[in-house]
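**Q** Attaching a single structure in structure tokens format; questions to follow.
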Amino acid sequence: MISSLAYVHPNAKLGENVTVEPFAFIDDNVVIGDNTWVGPNSTIMYGARIGKECRIFPSAVVSAIPQDLKFNGEETTAEIGDRTTIREGTTVNRGTSSTGKTVVGSDCLLMAYSHVAHDCILGNNVIIGNTTGLAGEVKVADWAIISGGSLVHQFVRIGAHVMAGGGARIRIDVPPYVLADREPLSYMGVNKIGLSRRGFDQEKINEIHEIYRVIYLSKKNLTQALETVKNEFEPSRERDHIIDFFNSSERGVIRARV
């Protein structure tokens with residue numbers, strides 16, 4: 001159902017059973033998947049690609065041009081996966097020539113007044129808390145949760161299954177499977193509850209915990225600690241993921257709390 005009080009550009013492509021509420025605006029070069037709900041006063045701008053069964057709440061803006069002074073009108077997109085919810089006042093900017101697109105995965109929740117800047121890449125099942133702001137080219141892996149009121153610096157990476165506390169200032173990378181809190185942001189332990197809820201058994205959680213004990217609590221430098229992890233733990237997806245994350249970090253990785 002498309003309200004007679006909404007504006008839908010004639011070139012926009014809407015799937016089956018899309019609902020567009022009064023005073024919503026849908027621009028040219030927009031694609032919206034089946035069964036998506038576009039709430040009143042929401043704005044879907046040029047270059048938006050929105051999946052199936054999404055919910056876009058009032059005053060949200062998807063695919064506005066980047067807040068990047070280098071942007072020069074290039075053709076870019078903002079891509080939203082299936083079943084993702086974008087709450088009131090949230091903004092998702094489209095990409096720049098850096099990567100060409102901003103991506104939010106499937107089954108994500110972007111809470112009210114959060115901001116996802118140009119060229120960010122969010123995985124699936126990500127939760128961004130109220131008023132949290134992600135600067136440009138941030139990468140957030142699957143199942144990560146960034147609690148409300150947090151600020152994430154440009155180019156930062158946040159690993160899978162991370163839980164970052166409210167009001168966090170995230171200046172450097174946060175490795176997978178951990179709890180992060182305090183100021184400066186610090187390693188607070190393994191996200192045991194989150195991992196258990198997502199099907200990790202106790203043996204695997206213990207393995208991850210022991211890996212991080214070596215990295216953060218053994219008093220070895222990072223190179224030595226990663227070599228110990230490589231030599232003393234059997235190869236596994238989780239072990240290799242942690243090692244690769246640290247080795248590929250360009251900004252540095254959070255430390256343990258003092």
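**Q** Treat the count of other C-beta atoms within 10 Å as a stand-in for reagent exposure and order His118, His161, His241 from fewest to most.
**A** His241, His161, His118
**Q** Considering the chain as a Gaussian network with a 10 Å cut-off on Cα pairs, which listed residue, Lys192, Lys13, Lys70, attains the greatest mean-square fluctuation?
**A** The residue with the greatest mean-square fluctuation here is Lys70.
**Q** Sticking with this structure for a sec: Using every alpha carbon pair in the range 197-258, what percent of pairs falls into each 5 Å bin from 0 up to the bin containing the largest distance?
**A** Using 5 Å bins, I get a P(r) of 4, 16, 29, 26, 17, 7, 1 for the range 197-258.
**Q** Using the 2.2 N^0.38 Å rule of thumb for compact globular proteins, work out how the chain stacks up: its C-alpha Rg over that value, please.
**A** For the chain, the normalised Cα radius of gyration is 1.09.
**Q** As a check on your grasp of the helix formula, calculate [θ] at 222 nm for the chain: sum -39500 (n - 2.57) over DSSP H runs of n ≥ 4, divide by the residue count, round to the nearest 500. It would help to have the intermediate numbers written out before the result.
**A** Details: 4 runs with 45 residues, N = 258.
After summing the helix terms and dividing by the residues of the chain, the value is -5500 deg cm²/dmol.
**Q** Report the one residue of Gly136, Gly73, Ile242 whose Cα lies farthest in the direction of the positive end of the charge dipole of the chain (charges on C-beta: Lys and Arg +1, Asp and Glu -1; origin at the Cα centre).
**A** Result: Ile242.
**Q** Also, quick follow-up: Taking only Cα atoms, what is the 0 to 90° angle, nearest 10, from helix 202-217's long axis to the longest principal axis of the chain?
**A** Taking the Cα atoms of the chain, the angle to 202-217 is about 70 degrees.
**Q** Percent relative contact order of the chain, based on C-alpha pairs within less than 8 angstrom and at least six residues apart?
**A** Working: 738 pairs, mean separation 22.3, N = 258.
Relative contact order, the chain: 9 percent.
**Q** Give the total of Lys-Lys pairs in the chain with Cα-Cα distances below 21 Å; include a pair only if its members are 8 or more places apart or on different chains.
**A** So the count works out to 10.
**Q** Of all DSSP beta bridges located in the chain, what percent are antiparallel, nearest 5?
**A** Numbers: 4 of 59 bridges.
Of those bridges, close to 5 percent are antiparallel.
**Q** Which value, to two decimals, describes the C-alpha radius of gyration of the range 7-140 once divided by 2.2 N^0.38 Å? Please list the in-between numbers first.
**A** Numbers: Rg = 13.1 Å, N = 134, 2.2 N^0.38 = 14.1 Å.
Cα-based Rg divided by the globular estimate yields 0.93.
Every number here is computed from the coordinates shown, using simple stated rules; none is lab data. Keep in mind that what you see is a predicted model, and the values were worked out from it rather than measured. As a convention, Cβ positions derive from the backbone with ideal geometry for all residues, glycine included, and neighbour counts pool all protein chains shown.
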